[in-house]
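The values are calculated or read from the model by the stated rules, or taken from the named source; none is laboratory data. Since the structure is predicted, the reported quantities are computational estimates derived from the model, not experimental observations. Glycine also receives a Cβ, built like all others from the backbone with ideal geometry; neighbour counts cover every protein chain displayed. These accessible areas exclude ligands, DNA and RNA; they are computed on the full protein's heavy atoms, side chains included. Shrake-Rupley method; radii C 1.70, N 1.55, O 1.52, S 1.80 Å.
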Amino acid sequence: MFELPELPYALDALAPYMSAETLEFHHGKHHQAYVDKLNELVAEGPYKGKALEDIIRQAVGKPEDRVLFNQAGQHWNHSHFWLGMKKGGGGNIPGTLEKQLITDFGSVDRFREEFKAACIAQFGSGWAWLVFDGEKLAITKTGNADTPLTDGHAALLTCDVWEHSYYIDYRNLRPKYVDAFLEGLVSWEAVADRFEATVQ
Ligand code: MN3
């Protein structure tokens with residue numbers, strides 16, 4: 001049985017950048033629904049008892065498993081998303097990661113601009129990502145429940161740009177939400193830890 005992961009912070013810890021009401025709905029209702037539906041779909045059949053990553057890799061691109069892939073991808077993406085934020089986020093980027101951002105994007109500001117542009121350019125529901133492709137950092141975006149896991153890229157940071165992620169706090173203003181994400185929410189320690197684990 002898959003379980004909804006606990007948030008590593010209190011529901012009201014991310015305010016004013018992300019409200020308790022948003023987390024209550026986004027984590028408690030949307031993410032919970034993906035987990036519930038996933039459990040329902042893997043209760044029987046060829047995916048029963050398999051690890052989440054294996055389900056995602058095996059179900060991707062199979063039209064008959066699309067519904068299952070969507071629940072599994074959303075469970076994985078959201079679990080990643082929660083851990084990439086913290087109370088008092090934004091701020092300083094640990095040295096090794098900062099150096100790599102400068103090498104691959106020219107400057108940290110340039111990275112922020114490109115990441116924000118990817119968040120805004122994702123048409124409809126989806127995700128923007130900072131990934132490591134084995135040689136360099138790159139920014140990608142995925143639609144709906146798609147995930148860099150199936151491209152073999154290491155996901156370091158993601159921003160959920162589904163409307164349910166920002167509509168309560170920012171209404172239709174996705175750019176404002178992305179600014180808040182970068183300025184007040186990103187846990188650069190978590191991103192740096194993922195980067196270190198990837199390059200080892
Ligand atoms: Mn979401």
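Looking at the range 10-30, can you tell me whether even one residue there is assigned to a helix (DSSP H, G or I), of a type in the set (Val, Ile, Thr) and within 16 Å of the ligand (Cβ to nearest atom)?
Just the residues of the range 10-30 that are assigned to a helix (DSSP H, G or I), to begin with: 20-30.
With the extra rule that they be of a type in the set (Val, Ile, Thr), the set shrinks to 22.
Cutting the leftovers down to within 16 Å of the ligand (Cβ to nearest atom) gives us 22.
Scanning the range 10-30, I find at least one residue that is assigned to a helix (DSSP H, G or I), of a type in the set (Val, Ile, Thr) and within 16 Å of the ligand (Cβ to nearest atom), so the answer is yes.
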> Looking at Asn92, is it farther than 26 Å from Gly28 by Cα, open to solvent by 10 Å² or more (accessible area, probe 1.4 Å) and of a type in the set (S, T, N, Q)?
Replying inline: yes
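Go through the residues of the range 100-112 one by one and say whether even a single one is of a type in the set (Gly, Ala, Ser) and open to solvent by less than 20 Å² (accessible area, probe 1.4 Å).
Filtering the range 100-112 for residues of a type in the set (Gly, Ala, Ser) gives 106-107.
Those left that are additionally open to solvent by less than 20 Å² (accessible area, probe 1.4 Å): none.
No: zero hits.
Taking the range 135-154 as the search range and keeping residues that are within 15 Å of the ligand (Cβ to nearest atom) and in a strand (DSSP E or B), which one is nearest to Phe111 (Cα to Cα)? Don't jump to the end; show me each part of the working.
If we filter the range 135-154 for residues that are within 15 Å of the ligand (Cβ to nearest atom), which is where we start, we get 141-147.
Still in the list and also in a strand (DSSP E or B): 141-143.
Numbers: Lys141: 14, Thr142: 18, Gly143: 21 Å.
Checking each candidate, the answer is Lys141.
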> Does Leu7 count as within 27 Å of Gly152 (Cα to Cα), open to solvent by less than 70 Å² (accessible area, probe 1.4 Å), part of a loop (DSSP other than H, G, I, E, B) and touching a residue at least 40 places away in the same chain (Cβ under 8 Å)?
Replying inline: yes
> Does Leu38 fit the bill of being crowded, with 17+ Cβ neighbours inside 10 Å, within 16 Å of the ligand (Cβ to nearest atom) and more than 21 Å from Trp129 (Cα to Cα)?
Replying inline: yes
> Does any residue in the range 158-178 that is at negative phi come within less than 6 Å, Cβ to Cβ, of a residue that is in a loop (DSSP other than H, G, I, E, B) and more than 12 Å from the ligand (Cβ to nearest atom) six or more places away or on a different chain, and which pairs are these?
Replying inline: Val161/Gln122; Asp169/Ser19
>> Can you pull out every residue in the range 177-200 that is touching a Gly at 6+ places or on another chain (Cβ under 9 Å) and among the aromatic types (Phe, Trp, Tyr)?
In response: Phe181, Trp188
>> Can you find a residue that is under 18 Å from Gly91 (Cα atoms) and touching a Phe, Trp or Tyr at 6+ places or on another chain (Cβ under 8 Å) anywhere in the range 138-157?
In response: yes
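Could we say that Ala59 is open to solvent by less than 20 Å² (accessible area, probe 1.4 Å) and more than 16 Å from the ligand (Cβ to nearest atom) here? Spell out how you get there, then give the answer.
Numbers: open to solvent by less than 20 Å² (accessible area, probe 1.4 Å): yes; more than 16 Å from the ligand (Cβ to nearest atom): yes.
Yes, satisfied.
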